[in-house]
Structure formats: C-alpha cells, structure tokens
There are 4 protein chains.
Amino acid sequence: MIRVAVVGATGYAGAELVRILAGHPKVKLEMLTSRQHSGKRFSDIYPSMAGVVDMFCREFEPEMLAASLDLVFLALPHKLPMEIVPSLIKRGLRIVDLSADFRFSDVELYQSHYQRHTCPELLEKSVYGLSEVYARKIKSADIVGNPGCYPTSALLPLIPLIKGGFIETNGIVVDSKSGVSGAGRVPSLTTHHCEVNESFKAYKVTDHRHNPEMDEILSKEAEKRVHVTFVPHLVPMTRGMETTIYASLGKHANQEEIREYIRHFYRGHPFVRLRPAGSSADTLHVKGTNFCDMGVHVDSMANMVVMTSAIDNLVKGAAGQAVQNMNIMFGLDETLGLMAVPFPL
Amino acid sequence: MIRVAVVGATGYAGAELVRILAGHPKVKLEMLTSRQHSGKRFSDIYPSMAGVVDMFCREFEPEMLAASLDLVFLALPHKLPMEIVPSLIKRGLRIVDLSADFRFSDVELYQSHYQRHTCPELLEKSVYGLSEVYARKIKSADIVGNPGCYPTSALLPLIPLIKGGFIETNGIVVDSKSGVSGAGRVPSLTTHHCEVNESFKAYKVTDHRHNPEMDEILSKEAEKRVHVTFVPHLVPMTRGMETTIYASLGKHANQEEIREYIRHFYRGHPFVRLRPAGSSADTLHVKGTNFCDMGVHVDSMANMVVMTSAIDNLVKGAAGQAVQNMNIMFGLDETLGLMAVPFPL
Amino acid sequence: MIRVAVVGATGYAGAELVRILAGHPKVKLEMLTSRQHSGKRFSDIYPSMAGVVDMFCREFEPEMLAASLDLVFLALPHKLPMEIVPSLIKRGLRIVDLSADFRFSDVELYQSHYQRHTCPELLEKSVYGLSEVYARKIKSADIVGNPGCYPTSALLPLIPLIKGGFIETNGIVVDSKSGVSGAGRVPSLTTHHCEVNESFKAYKVTDHRHNPEMDEILSKEAEKRVHVTFVPHLVPMTRGMETTIYASLGKHANQEEIREYIRHFYRGHPFVRLRPAGSSADTLHVKGTNFCDMGVHVDSMANMVVMTSAIDNLVKGAAGQAVQNMNIMFGLDETLGLMAVPFPL
Amino acid sequence: MIRVAVVGATGYAGAELVRILAGHPKVKLEMLTSRQHSGKRFSDIYPSMAGVVDMFCREFEPEMLAASLDLVFLALPHKLPMEIVPSLIKRGLRIVDLSADFRFSDVELYQSHYQRHTCPELLEKSVYGLSEVYARKIKSADIVGNPGCYPTSALLPLIPLIKGGFIETNGIVVDSKSGVSGAGRVPSLTTHHCEVNESFKAYKVTDHRHNPEMDEILSKEAEKRVHVTFVPHLVPMTRGMETTIYASLGKHANQEEIREYIRHFYRGHPFVRLRPAGSSADTLHVKGTNFCDMGVHVDSMANMVVMTSAIDNLVKGAAGQAVQNMNIMFGLDETLGLMAVPFPL
C-alpha cells in the first residue's frame, strides 16, 4: 500500500483527491490537513462523505509527514508549496504538487507570472506531470508539478498536432470554457450563484497565467518558440472544461489522417478518447472521470484544423491526473483507482 | 457471479442500472435490451461510457433471457413488465421490476390508478422492494416491485415515525421536490431546458400515482387506513429528490428521542444516514449515491414533527435500490457495488 | 413627479428598486446611496445598466435627504433602518423600509426575534405593506414596513382562506422554496455556485424569522392566535419563490367555491392572478414581474386545502411591492411603472 | 400607430416579438398566428402573459393579413416565409422575416445551404437587417431579412475591424456560445434539460448555416472574399450569446486606437456598448435587452486582436433587432419600445 497525505484537503481539488484516494485499492490515506478546518471531520466539511471518510483534518506540520508516508499531495494555493517542499524532500517524501510552483522549467518565466521562486534548485528536478506525454520522466520523479486544468485540456490535443507536423505553430488559438469549480471553494462575487447563473463571459483575456505554462511546453515540443492566444471563459455549471483549438494546417492532411495519427499517438493511454468522426467533445461525457475526450475537424475553406477537447477540470484537470501520476511514480497501472464506471448523466 | 440482463437499458433508470452493474464485483452483465436503440452500442447512446461499456443493445425477446441468466432488471414503462414477467418466471428467472406493476398488494388499488392487471396471481407473490424495511421478504422473493422514487423518500422517514408511535396518522403532509431526470429521457415540453430553468412548480397536486403507493405501505405499517396529502414539485436540476414531511406529534417526544429511535430503527443499514441535530437533508450530499439522508425537527409551538429526507432519485430512488435488492436476494452484503466514495460536489 | 432616494442601492433589492424606479413614469430618481460603492457609478456595479442608469452612488448622510425628496426607500440590513428613520421622519420624508424593522405591531415579538427596537413609538405608526390587503392604511402611512418575501407568498393565499372561513387555523403548513437572490449579494458558502447547483435543501427549519411575521398578521386576520409551521428551502435558481400551503378544511367547500371566493377577494387587484382550475403556480410565469400567481386544490380524501403561490422574490417579494406601496401612498394607480409585459421565458 | 401581425407567434422568437410589440408605444398588435395553437389564447401558451396578452392565436391565412396591417413579422422556420411573402407583398404589406429566406444576396449561396429559393426576384429586393450598419437601406425596404443570432454577434464587432483596416481578413476565427433558447421551443434530446445541464459542447463545427451568412456580409464589407472559421457551442443557460473573435492585426494598432475607432463607428447607435478597457462582454449584462456589448483586447505577443461580444439571442439576435428594423422602416427612433431598464440580474 502507498501511504499518502493530502495537504489542503478541504479545497475542491483536495476534496476530489480524498474522494479518489479513499477508493484507491493500493492507497492508504494516512492524513488530511486543512488550515481552516483542522480539528473537524472531513465529513463535517463535505457531508456527502458521512460514514465514508470521517477522518479528522489536522493542521499541517512538516514533522507529522516524516514518519510513515510515501507520497504527499499538495493542494494548496500557489506559493505555499515551495515553502514546504524542501523540508518534505529532505524527509525522503515524494510529492505531487497541484499548484504552479513546480510546473515550469524556466524559473524566470515562473517569476514573471507568479512571484520569486524560493527553491529553484528543486524546480530543476521537478517534472511536468502531463501523464500521457511525460510518463517516463514522471516514473522516476520526486516532485511532479501537476499541470493546470487549462493546459491539460489544450496540450493533450495540441502536442500530437505539433509532433505530427499538422499545424503551423504561429497563430494558434486556444478558446477554453470552464465550470465554476475551477475557481475553488472560497466564496467571491465571481462565484456567487446569481452572478454565475445565466452568465457566460470571457475573463483574463490573453492575460491568464496558464498561458505561459502552455507556451513553455509547446515550445519544448515544437523545438521553437510558440505562443498561443488563450482566452478562458466561465460556464454556468459546476464541473467540466471544454477547449476549442484553431490552428492553420501545416501540411496537406484530412480529418481522418489527423485522427489516425492522434489515435496512434495515444495508443495504450485509455484516458484519451477520440470522439467518432464529425463529433465533438462534451463536458457531460467526462464528468467525474479522468477521461479527456477529443474531436477533430478540418475547415478546408480556411485551411484550418479545429479540435475540441473536454475534461473534468477537477479530475483530469487536477486530482485525477495527480493520482494517475502517483500510479506512474509507483509502477502501477496508470488507471488504477480511476476507472469507476462513468455516470450516464 | 450473478448473471443479469437489463431490459430497457437506455432510459435513464436503465442506464443507471448499467452503470452500477458494470462496476459490481459479483455481477456479469450479460445482456442489454432497448427497443429504440437495438443494434447500437450502449456507448453510442451514452458516450460517457465509451471504452467502458461498449456492449450492443438488442431487441428484447423472452427466449434470449432463458438460457444463462439469474436475474432480470426491468426498466420499462408501466404495463410492459406485466406482459413479459409471466414468461420470465416460467423460465425460472428472478426479477426486479422498476415499474409500478408489481408494487401493490391490492390489485384493485393498482387498477384504479394504472390499468387492468394482467397477472394478479404474480402480483400476490411479489414483494415491495423497500430494502431497509422488507429485506427478509425480499431475500426469498422471485419478483421484487422496486419502489417509486417519491415513496422511497417518504417511507424511509415515515415508517419509523409510525412504528415508534411518534405521529398521528391523519393529516400527514408529504411535500416532495424532484430533479428532472425523474421524468425520464423522452423529450417533452415539461423537460425542455428553457421551460425548466429558473422554474419551480408543483405538478399533479394531490393527484400523483405515487400517492396510493405510499398510502398502501403506510396503512400496512400503521395497521389502519392512512392517506397522506402528497404534492410533488419539479426542481431545475438533474438528479436529486428532497422530501419534507409534516405530521402532528402523536405523543410527547423531543427531537433527540425521535432521532434516537430512528437511529436504532436503521441500525445496520448504512444507506440511511441521520444528519446531525438541527441539520436538514441536502440533495447535493447524496448525488450519485444510494444514501438516504434524513433530518428531524420538532415545531413545538405547533406540536408538529418535521422531517426532511434526500435521495438521488435515479439511485436510491430507482437503480441503486434495485441493485441493493438484488444483493439481498442473492445473500450478498446489501452495499456491494454501491459504496463508491461520494463526490464532494 | 415623486422625488425619491434609494438607500442601499447596490444590494439586490436596492438594485431592483433602481430598475423599477428608473422606468417609472411618475418618479424622479434623485439619489442612490451605497456604503460599499460610494463614488462609483451605479452602472459600474451593475454593468447591465450602462448607458441607462449611470448615476453616482453616494455615502448616506441624513442631511442630503432633507432637501427635495418626497420618499425614501430603505434597502438595508435589519437594524440600520431604525437608526436612521427617526431623523428622516423629522425631516418630513415618507419611508418604505424593506427590512423587518417596521413590519411588526408587537415590539416584543420583533425584539425576541431580532434585537432591541430603538424607536418603538415609530413602529406603532408604521403600516405593514401587504399592498392588496392593507391599501387603505398604506395610503396615509408615513412609514411602510414592506413585507418579507416569504410572508408575501404565504399571506396572499392564506388571508382569503381565513377570511372566508375555509380552513382551520391550527396545523397550517407553509412549505416555501426560494431562489438564491433572496440571500442577497454578499458572497458566502451558502450562495457559492458549486454549493447551490444541483442542491435542494431546507434551511432554518421551523426557525426562520419570517415565521413570527406571518403569525402576527394571520393572528390579526383570524382574530385569534395562529402559528404556522414554516419551512423554507433553497432552489438552484436566481429569482422566484414558490409556496405550497396545506390546511385542514374548516367547512365543506370544493375547489371552485374557494377559487370563486379568492377571485372576488382580489377583484380590482391585477397583481394577484388565479391559475386555471387544476393548475398550480410556476415561478417562471412571474419572473421579473410583480404578479402573485395562485393555484387552489382540495385533497378531499384528507379534507385538506392545498394552495400554491409563486412570486418573484425580488419584485413582489421586495422592490416591486415597495413601489406598489409608493403608488398607493401617492394616490397613483397601484400598477404604475410595474406593468411591463412579462417575458415569455 | 403601426398595425402589425406576428406570424408564428408561439415559438420563442415569435413570443419575444409579442412581448416587445405589446409594450411598444407606437404599435397596435392586430393579429397573432400559430399553426399549432390556433384557437388558444396566447396566455394559455405563455402563462406569464395572463391578463396582459390574452389575444387568441389564429391559423395563418394570407387573406386576413390584407386588410388593415402595415407590417408583418414572420417568425417561421426557414422555407415557409418564401412561400407566403409573395402574396403579402402583393397586398402591399411590409415584412420583417426572421428566417434565413431573405438574408442572402447571392441566391446560389442560399440554395447551396438551404433549399431552392422560390422567389429569387424578391430576394433581390430584400435588405439584410443588421440595423446599425444598414439602417439607410432598411428605411426604404419592403422586405427585411432579419440577421441570424450568430451573425449579429459576430458582424457587429467584425465590420468596424474590417472597415478600419485593423485586421487581416484571412484566418479570422469566430468562436460563439449560445443559450438553449436559440434552439427553439420544439422539444428534442438536444434541448432536454438533463442533456443540457452541466454540458458544454461545440456542435456543427465549421458546418453551421450561419457561416455563409457571415461570409457574404463580410466579403461585401471587405470588398474581397472572406471566409471565417466558425464554431458554435451550446451553454447550459436559457438566453444569451457570447462570441469571441480572433483576427491577425492588419496594421500596427493598440487596444485604445481600436476602441476609439469602434466607438466612433457606432456613435449614435445606443444599442452597441463598448465595455471599459480591459473588460469583456457578459451575457448577464444584456439579458432581456437589445444591447450588444463588446470588449477589445490585443495579444501583442501574437499580433492578434481579440474581441468579445454579448447579445441576448432572442432580442438583439432576433425579435429585438426585428422591432428595431421596424422602427427604422417607419421613421421612428430606433430605440422606441426597446429601452426598458435592464434587470440587474
């Protein structure tokens, strides 16, 4: 059994980690921490869990984590993880961090969009946890920087398009739409029901911090500087993220050739599902699952490839991919604990 | 392994049965039937299931079911089940029927609210499948009439109130609210998104066919004629049912005494969860689960007991309770295949 | 023209007042105040109003209101109004207060559910603003205590039932369901989209402060002590309130007799609409309007009257009724400025 | 008074026309027709209108329209309008048609995406009713082809970008998101609440019939062949449409220069509102109104202009713009009957 702790267990991503880990056949959930709710039962905060996960939440103290753990999931706001990761690493723990603190290779890039990085030497050793693409590195990593939800939904379709030479790397457009749970559990006017309901809007247009994250990975894969134009939008729903990608065809290719390439690219990776020809991805089909569904279209009048992808932002976009990375790190089947039969609706 | 078929697999209750059965450790899902979608894969109808349940749906023919099955779930509109159950019984199959056809003891009562019953002799042998209350009879039944969603949400709180003598049996009010999935998958103006969204309304006021179903069971438990005043309402959401019950106190008792009695009444039945004192039941806490949450309140100025209950209408209100009944019929733990960790939201 | 100010203009009820008053043909909107947003344009807070209501919000100072106003609407949290009303009254202003501070006749009752009342002598002079029922007193009132949303939805159907002698006054059940806007604009976990969506639940069961408000009015109308059992519920939608009322028949009467009485009772009051026989009230039909729709049903097996009512909690339940009261106070047609053609959906 | 009829009054666009026209100070609503609901009151179909619009719906017969009408609104499915328009024109009536039948200049283009056009000679005389841009032609037109909702939301931002030379005309991306009311009132699985709720998806990717409509107008304005890559998406909400547009900068320009040009372009057209610098358009801000809100952004790293627009698909995207066109045709202020104060939420 892998002995794990979830630090920041009562935020939405943390709670989703608890859900998955509590049902994982090879995991022993040893500890939950929560600054705000320490001393309370997890099921007091999430009453759906009553009788199922009634563990108490504690205040985080690095010492506690030393003893008998194999891996720690960090589900904290940016900046906090890099303050505690060094001491965890010293104690020999492996880490999957859901914040942005360990996602970047280029410390300057991180610092220009977040803040000063306090352990750049660890950043160098961390691995970007896009499971299907970087499994080999993840396997041996001590620190996995779990990808952002938007980058996950954009990179999984874009990387094969780039590796296959199907698209021009300039002028790529990434138009993403997210359910409200992506904004977390702290109440604000943005997430206030009456302001969300019947509202659809873009936000942080061309100014979202997931943009440099995508750019860095795409540049690495394309072996040249890539910058995508990225606009996130807020959808009046709880879970789910859809991304529509537009890119100029880089060579003559039809829909079926691209589909075939992608199918081959993700062979052996069951969480990527290609929708039937002509169909697009729907958040409802991936709700509560670790799947990333994709659709491929070609606008031949415009010489443009259009791809759609759908994930559950809390699962493949956060907690699910984190557990998938844990599986990979510990040599398990990557789907273990993540293959509950999906809900029909 | 229990070999089962789902007849009517592509309606919402049928699809939910498929979801649960496909993940059940002691079940082999042998056959799915669908009149409308025969010849298609189940995952063509419910793309969330792609790669998970790709079985083909067939047209129903009683002969097919003969061979190598142990139990058949019927998820069909009322009236169809009683037409096919006799031939299934002859073939030695056990049956859980999700329609109203085998719920009533009193054939007259059935006939006055539905239609002529074509196999009253089988109705006599069938057992009402309210799992927590009738487990002993269910165990040996060949035909289980699975309860309606509204009756499930009302009977689980009401039966202990009656058995404990806490309430007067006249003047009971059952005010229920259901998500839209209860209306099934066939499109209509009632379930049209624009007519549902931002709409809350009562329907079939004091005229719903689940009313006599509740009345019959309550009369049996009270050992006298009981009629509740029942009003169902439609909530702009997909899953979930909340019921608020009002009844005059039948003897002096406070909230804690009633809670204690109920806790004892459902001891050993983990799907009934009592909310902490002062809290009421919330559909969000039971979404996707087989739980029935309950809250108890006393309005001492009015000498009135108020109870709230919440279930997922498609799970404890339909497919989940059906599988729970199968577990009981086959001597398994009643929770088997039904205890996935709930979603935090 | 009636010169008015809205104090607390940026909360939801205040903003709805601004919407109605800005389109009222006999009103001059002189001043908006907002503690939180003083110095900003109203349309900065509510961008839907850009180009329509671009007035600046100011900090409230009693002096400003002296000069050239006829009436002040107070849309503030309980307790604040009673602190400022005395000085406004001294300046000769008339007041419609949307809080609970001037709703009660019995100062003790107010104090036992809210806090010490600081101007009980003004409370005595204030009039309860249930427009259809108390128009005559409202006409000459200087202070109108605008009814709560729940009481409005319950009293309009209940008062004719009581006046007509149709029901027993003990054992009345009021089961109400409200959209989330009733909780106001201040973000909290209760109104957080992800906690509201797909959630339906009761809250403050038999413990809501609108309960004594209803009880006091009903006792007055019944000329004896009445206490209703009241349970409010939260519906995942923005606007709208539905109330289902259960009461024992007090005399032999059928649905049509009760309907006829109610129709007559509200003759000349166009905001009360009786639904066709057999139909119930739907929040979608009153969204954005000042209507109160009602349906009447009789459960003859239980000797029970069931009524349903629907209002828009922000309009008839707050700002609309407040303007209706202003119309009455100034001798205008009560519908003036409130009869925009309703939205079909 | 302008005497008008609405043909097809009980669909969503027709009903919205009725709402606006019933409140229009210069309109006399003479006749409503509905094939499906002839003989019923309009308020039987839309109970929100009870007591407000209780007119009876009739079966359409061209003769009836002859007598005493000035203008006919056609809110019918494509193909029906061109069958009846010739006879209406002969009777001297002016027409605003909400279908696609009279939107195209190029009959071949129409025919390749719809069906054979049966009165191409009338198509030649019809005017495309994008009010802000083609007011001069609309003024004297007998037949106005009212724009599609998607084209309205895309053309209003795109035309000034093109006229100002700000963008390259190849590679334009139009990513649109629509509420469900755009799909009309006829129930289907696509609009079934449980399939819409918590679902976000693209549909008819690069294959929607509004694409050639946009292309034709943009080509005319650009004076060269333009084809945009257009992807519509379905949002789980009732009303509202957001469009995000991506285009390569055609000359050096910053956000403020583009904003200034657009502001000037739409001077005197109050229904186009430019959001403050840095802000994007939100459907909630235009719900129930005839406004089109717009935001401008420049991604300078990609040399890309990004614009967002928001309309209410049933108002500016259909019935509102139709009435605006009527106002223009009859020499009235274009805002008449369309300037109700917007709802704050």
Problem set entry | the protein assembly as shown - share of DSSP beta bridges that are antiparallel (%, nearest 5) | 45
For this session: Would you please put D:59-65, D:327-333 in order of how densely packed they are, using the mean number of other Cβ atoms within 10 angstrom per residue and starting with the highest?
Result: D:327-333, D:59-65
Exercise. Once the dipole of segment C:86-137 is set up with Lys and Arg at +1 and Asp and Glu at -1 on Cβ about the Cα centre, which of C:Val96, C:Tyr128, C:Ser112 lies farthest towards its positive end?
Worked result: C:Val96
Seminar exercise, completed: If you rotate chain C onto chain D, the residue of C with its Cβ nearest that axis, and the gap in whole angstrom, comes out as C:Ala340, 3
For this session: Compute the Cα gyration tensor for chain A, then decide on rounded, prolate or oblate, letting a ≥ b ≥ c be the square roots of its eigenvalues: rounded whenever a/c is under 1.5, prolate when a/b is larger than b/c in the other cases, and oblate in all that remain.
Result: prolate
Exercise. Of all DSSP beta bridges located in chain C, what percent are antiparallel, nearest 5?
Worked result: 45
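Assuming a viscosity of 1.567 mPa s and a temperature of 4 °C, what translational diffusion coefficient in µm² per second does Stokes-Einstein assign to segment C:15-154, Rh being the Kirkwood radius over Cα pairs? Display every interim value, and only then the final one.
Working: Rh = 16.1 Å.
Rounded, D is 81 µm²/s.
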Exercise. When only Cα pairs under 8 Å and 6 or more residues apart are kept, what is the percent relative contact order across segment A:150-312?
Worked result: 29
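Across every pair of different alpha-carbon atoms, what Kirkwood hydrodynamic radius in Å does the protein assembly as shown reach?
33.1
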For this session: Kindly identify segment A:141-223 as rounded, prolate or oblate by the Cα gyration tensor criterion: order the square roots of the eigenvalues as a ≥ b ≥ c, call it rounded if a/c is under 1.5, otherwise compare a/b with b/c, prolate if a/b is larger, else oblate.
Result: prolate
Seminar exercise, completed: Per the C-alpha gyration tensor (a ≥ b ≥ c, the square roots of its eigenvalues), segment D:209-333 is rounded if a/c is under 1.5, else prolate if a/b beats b/c, else oblate; here it's rounded
For this session: May I ask you to report, in nm to one decimal and beginning with the shortest, the distances from A:Glu61 to the same position in the other copies, taking label points 7 Å along Cα-to-Cβ?
Result: 5.5, 7.1, 9.0
For this session: Work through the residues other than A:Leu88 whose Cβ is under 15 Å from its Cβ and net out their charges, Lys, Arg +1 and Asp, Glu -1.
Result: -4
Problem set entry | Position C:Leu189, label points 7 Å along Cα→Cβ, spacing to each other copy in nm (shortest first, one decimal) | 2.4, 4.0, 4.3
Problem set entry | Helix-only [θ]222 nm of chain C, DSSP H runs n ≥ 4, -39500 (n - 2.57) each, per residue, nearest 500 | -8500 deg cm²/dmol
For this session: Could you line up C:Ile138, B:Ile84, B:Ile311 from fewest to most neighbouring Cβ atoms inside 10 Å?
Result: B:Ile84, C:Ile138, B:Ile311
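Based on Cβ point charges of +1 for Lys and Arg and -1 for Asp and Glu, what charge dipole magnitude is obtained for segment C:150-313 about its Cα centre, in debye rounded to the nearest 20? Before the final figure, lay out each step's value.
On the way: 17 positive and 18 negative charges, 63 e Å.
It works out to roughly 300 debye.
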For this session: Compute the label-point distances linking C:Asp44 to its equivalents in the other copies; points lie 7 Å from Cα along Cα→Cβ; give nm, one decimal, shortest first.
Result: 4.2, 5.3, 5.9
Seminar exercise, completed: Exposure-ranked with fewest Cβ neighbours within 10 Å first, B:Thr190, A:Thr206, B:Thr152 stand as B:Thr190, A:Thr206, B:Thr152
For this session: Please work out the Cα center distance from segment C:171-199 to segment A:114-149, rounded to the nearest Å.
Result: 41
For this session: With unit charges on the beta carbon (Lys/Arg positive, Asp/Glu negative), name the residue among B:His24, B:Phe60, B:Leu76 whose Cα is farthest towards the positive pole of the charge dipole of segment B:20-106.
Result: B:His24
For this session: Provide a whole-number value for the mean count of partner chain Cβ atoms within 10 Å of the Cβ atoms in peptide C:284-295.
Result: 4
For this session: Evaluate the relative contact order of chain D (contact order divided by residue number), counting alpha-carbon pairs under 8 angstrom at least 6 apart; express in whole percent.
Result: 17
For this session: Run down the lysines and flag those whose C-alpha is under 16 Å from the C-alpha of A:Lys201, throwing out any fewer than 8 positions away in its chain.
Result: A:Lys177, D:Lys177, D:Lys201, D:Lys287
Exercise. So, with +1 on the Cβ of K and R and -1 on the Cβ of D and E, and no other charges, what is the size of the charge dipole of the protein assembly as shown about its Cα centre, to the nearest 20 debye?
Worked result: 0
Problem set entry | Average beta-carbon neighbours from other chains, 10 Å sphere, peptide D:272-281 | 3
For this session: Mind checking C:301-314 for the average number of partner chain beta-carbons within 10 Å of each residue's beta-carbon?
Result: 4
Problem set entry | Fluctuation leader among D:Phe73, D:Phe56, D:Phe291 - chain D, Gaussian network, Cα springs under 10 angstrom | D:Phe56
For this session: Among the lysines, select those whose C-alpha is under 24 Å from the C-alpha of C:Lys220, and discard any that sit fewer than 8 residues away in the same chain.
Result: C:Lys125, C:Lys137, C:Lys139, C:Lys163, C:Lys251, C:Lys316
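Just so you know, all these numbers are worked out from the coordinates, no wet-lab data involved. Predicted model only: the values in this text are computed from it and were never measured. Because the Cβ atoms are built from the backbone with ideal geometry, glycine has one as well, and the counts that use them run over all protein chains shown.
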